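Trainee: This structure is in structure tokens; I'll ask about it shortly.
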Amino acid sequence: MQKIEAIVREDSFNPIKKALEEKGIISMTVSDVIGRGRQKGVFLKWRAGEHRIEFLPKKKIEIVLEDNNLQVALDIICKIGKTGAIGDGKIFVMPVAEVIRIRTGDKGVEAI
Amino acid sequence: MLINSGDNAWLLTSSALVMLMTPGLAFFYGGMVRRKNILSTIMMSFMTLGLIGVLWVLYGYSLCFGKDIGGIIGGLNYIGLNNVGQLPSSVYATTVPHLTFMAFQGMFAIITVALITGAVVERMKFSAILIFSIIWFTIVYCPIAHWIWGGGWLAKLGALDFAGGSVVHINAGVSALALAIVLGPRKGYKDGTNMTPQNIPFIVIGAGLLWFGWFGFNAGSALTSGGLASNAFVATNISAAAAALSWMLLNWFYHRPTVTGIATGAVAGLVAITPAAGYVKPIMGIPIGIGVSVICFYMMRLRNKTRIDESLDVWACHGMGGTWGALATGIFATVTVNSAGANGIIYGNLVLLGKQLLAIIVVWVYSFGMTWIVGKLIDKAIGLRVSETEESIGLDISQHGESA
């Protein structure tokens, strides 16, 4: 079992969610986060001065998947989330030791 | 004429009440947008107090109420408040100092410009809305106010607009629609990104201030402190109450009785009674209020279906609410309430409704057309929209360097 933590653009979130739904990937946890990459945020310039925006709003999607579903999800997020501009985000993949459904006590892949 | 202290006291108070409606609107709108744009939305409303507050006394009052030129526009005889002093005008609000009438009218001009901004939130450049406001105020608001209130051609024809159903609400509503179409939708709108209200308590504060201020808006438009003002006052409250109640019930029928809904319903009720408050029997506030909530409720759904991002439904509530109000005036008006008015359809007179319809069409066409043109011109000159990055970060930071 694997967990995806995907940091994506706010505007990309809805299309990604819909595409995942179509492939049967429905359960997820979503949070509003702020973050930055190597560019240290964004620099806005105008006549009256400059302003560095250090952290930009993004959406974080956390999904736990069976191993054979992982690539499908990664492909969707990469394809829809990519605009080519700085700020598209990142995906982190990590192994999951255990999954438990609290209501029923199901464990493992059954509980995903 | 002699100054009537009751009239002046009420009209000055009403001016203050209407002034409060603009910050009220700022909260009403502000509560409906995403957190990152709340300050920008508030700013777009609040700045009108400064901008239009100054332009009004420089030349706006004169263009609206100055010496009539061909029924189209007022002259420059009141430029810089020339000849607007402590003595009453011989034409307008003859029992109060001219300054009072001018101040009262100024508050209307201010809020009309602020109303339009609801359509363009979360993506319009601040500099662009400033320039738009100056031009729109000068070539759309002032002529229309002159035609209907300043002794212009629509007034001479006999169209009735007690407190601004056409001058303020249809005008702003239809202009809002035009500007929203020229501007384009918010990024993410077409993808269904969540853009629901993020500060609903502010919406209620706003609606409360608007309802309170509207007593000045409508009852103050009697320009006197006698029975007519009372008529308008009560009609206003009844319409707001009826509309709030019926919107709440409609909302419940569809999903749940939402707080956003009842606040919107109350505002719609206030919009609809605006042209009618001093011409109809107060109890007619009930059918007028129920009618407007049904109409505006479905107009909002319709607008949503068209996928035009007229973000805060200024057209659905003010444009269509004002249209219904103007028609309702043609239906329910009676000279027993106001001898300076006329009788409506239920008293056997079809002519008034015809005149109302004419005024409605004129305002629709002129406001929409001129706003479209001005919007396109400003877009060509400096661009209407912020950049994509600025829109993502939010206008509070990108336009105002502030965060709430």
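Trainee: Residue by residue through segment B:129-137, which ³J(HN,Hα) values in whole Hz follow from phi under the Karplus form 6.51 cos²θ - 1.76 cosθ + 1.60 (θ = phi - 60°), with glycine and proline marked x?
Mentor: With the stated coefficients, segment B:129-137 comes to 5, 5, 5, 4, 4, 4, 5, 4, 4 Hz.
Trainee: Which loop chymotrypsin sites (Phe, Trp or Tyr not before Pro) in segment A:8-112, with loop taken from DSSP, have no more than 13 other Cβ atoms within 10 angstrom of their Cβ?
Mentor: Details: sites: A:13, A:43, A:46, A:55, A:92; in loops: A:55.
Here the chymotrypsin sites (Phe, Trp or Tyr not before Pro) that fit, given the DSSP loop and packing criteria, are A:55.
Trainee: Place the peptides B:217-229, B:342-354 in order of packing, highest mean first, counting for every residue the other Cβ atoms within 10 Å and averaging per peptide.
Mentor: On the way: B:217-229: 22.8, B:342-354: 16.2.
Descending packing order for the listed peptides: B:217-229, B:342-354.
Trainee: Also, I was wondering about something else. What percentage of all Cα-Cα pairs in the protein assembly as shown are separated by more than 43 Å?
Mentor: On the way: 33736 of 132870 pairs.
Here the long-distance tail beyond 43 Å is 25 percent of all Cα pairs in the protein assembly as shown.
Trainee: Taking the Cα-to-Cβ direction at residue A:106 and at residue A:67 and moving 7 Å from each Cα, how far apart do the two end points lie in nm?
Mentor: 2.0
Trainee: Expressed as a whole number of Å, what is the distance separating the alpha-carbon centroids of segment A:12-78 and segment B:202-222?
Mentor: 42
Trainee: Related question: For segment B:253-384, just the Cα set please: Rg and Dmax, both in angstrom.
Mentor: 17.1, 53
Trainee: Hey, another quick one. So how do B:149, B:324 line up by other beta-carbon neighbours within 10 Å, fewest first? If you can, show how the numbers build up before the last one.
Mentor: Numbers: B:149 22, B:324 28.
Taking fewest neighbouring Cβ atoms as first place, the list is B:149, B:324.
Trainee: Then there's this: Calculate the dipole size of segment A:2-111 relative to its Cα centre from +1 charges on Lys and Arg beta carbons and -1 charges on Asp and Glu beta carbons; express the result in debye to the nearest 20.
Mentor: On the way: 20 positive and 16 negative charges, 127 e Å.
That gives a dipole near 620 debye.
Trainee: Report, by chain and number, residues whose modeled amide H sits under 5 Å from the one on residue A:58, excluding near sequence neighbours (fewer than 5 apart, same chain).
Mentor: Excluding prolines and chain starts, which carry no amide H, the hits are A:33, A:34, A:35.
Trainee: Once Rh is set to the Kirkwood radius over Cα pairs, what Stokes-Einstein translational diffusion coefficient, in µm²/s, holds for segment B:5-400 at a temperature of 20 °C and a viscosity of 1.002 mPa s? Could the numbers behind the result be given before it?
Mentor: Working: Rh = 20.6 Å.
Calculated translational D: 104 µm²/s.
Trainee: Right, next: Sort B:179, B:377, B:58 by Cβ crowding within 10 Å, fewest neighbours at the top.
Mentor: Working: B:179 26, B:377 14, B:58 11.
By the 10 Å Cβ count, ascending: B:58, B:377, B:179.
Trainee: How big is the charge dipole of the protein assembly as shown about its Cα centre, in debye rounded to the nearest 20, if each Lys and Arg gets +1 on its Cβ and each Asp and Glu gets -1 on its Cβ? Mind showing how you got there, number by number?
Mentor: On the way: 40 positive and 30 negative charges, 121 e Å.
So the magnitude is around 580 debye.
Trainee: I would also like to ask the following. What dipole magnitude, in Debye to the nearest 20, does segment B:76-228 give about its Cα centre under +1 on Lys/Arg Cβ and -1 on Asp/Glu Cβ?
Mentor: Working: 6 positive and 3 negative charges, 68 e Å.
In total the dipole reaches around 320 debye.
Trainee: Among B:36/B:376; A:59/B:305; A:90/B:305, which pairs are too far apart, with a Cα-Cα distance over 32 Å? Write down the numbers at each step before the final one.
Mentor: Working: B:36/B:376 27 Å; A:59/B:305 27 Å; A:90/B:305 35 Å.
From B:36/B:376; A:59/B:305; A:90/B:305, over 32 Å: A:90/B:305.
Every number here is computed from the coordinates shown, using simple stated rules; none is lab data. As the structure is a prediction and not an experimental result, all values here were calculated from the model. Here the Cβ is made from the backbone with ideal geometry for all residues, glycine too, and neighbour counts use every protein chain on show.
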